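The values are calculated or read from the model by the stated rules, or taken from the named source; none is laboratory data. Note that this is a predicted model, so its numbers are computed, not measured. Here the Cβ positions follow ideal geometry from the backbone for every residue, glycine too, while neighbour counts run over all protein chains shown. Just so you know, the surface numbers come from the protein's heavy atoms only, side chains and all, with ligands and any DNA or RNA stripped out. Shrake-Rupley method; radii C 1.70, N 1.55, O 1.52, S 1.80 Å.
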Amino acid sequence: MTGPEAAEATSQRLALRTQLTRFVISGGLSAVVDFGLLVVLMNLAGLDHTPAKALSFIAGTTTAYLINRRWTFQAEASTRRFAAVMALYGLTFALQVGLFAVLYPWVLGLSGSQTVAQVVGFVIAQGVATTVNFIVQRGLIFR
């Protein structure tokens with residue numbers, strides 16, 4: 001591939017790389033909100049792992065949506081996009097909270113450490129949900 005086709009392909013790769021980098025950064029910030037609230041709700045408020053994760057997920061994904069719409073994908077607000085993102089977040093909510101609900105007690109049983117179980121369960125559930133979110137948001141919602 002040479003000429004305009006190569007330039008267009010390079011431009012698309014750079015756009016993908018920039019979006020992916022921004023998505024990861026905003027995801028990192030959102031994960032801090034999510035995990036921080038999870039730990040607070042479980043350790044200080046005494047909530048069980050599943051409701052604590054559900055509430056922390058809502059706070060984290062709201063943060064992610066607000067950052068990603070404006071900074072990562074530079075999209076204008078629209079009712080259609082908002083509804084699509086909320087539907088996607090509903091799917092990733094079930095995916096992430098479900099994975100955490102399965103992983104947390106299993107890792108806790110293996111490690112005997114609540115902290116290890118929180119971190120391992122969170123990282124795996126967050127990683128799967130983040131991958132699904134980026135693919136769907138970039139490919140369908142904010143294209």
Projecting each Cα onto the charge dipole of the chain (Lys/Arg +1, Asp/Glu -1 at the beta carbon, about the Cα centre), which of 101, 142, 119 comes out farthest on the positive side? 142
Given [x] 9.8; [y] 11.4; [z] 9.0, which label gives mean projected area of the Cα convex hull in nm² as computed from the coordinates? [x]
Shape descriptor, the stretch 70-125: equivalent ellipsoid semi-axes (Cα gyration tensor, sqrt 5λ, whole Å, largest first) stand at 33, 12, 5
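Where the only charges are on Cβ atoms (+1 Lys, Arg; -1 Asp, Glu), what is the dipole of the chain about its Cα centre, to the nearest 20 debye?
Value, rounded to 20: 320 debye.
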Counting only protein heavy atoms and rolling a 1.4 Å probe, one gets per residue an accessible area for the chain in Å² of 56 Å²
Farthest toward positive dipole pole in the chain [+1 Lys/Arg, -1 Asp/Glu at C-beta], among 23, 43, 72: 72
Ignoring ligands, DNA and RNA, what percent of the accessible area of the chain is carbon or sulfur (1.4 Å)? 69 percent
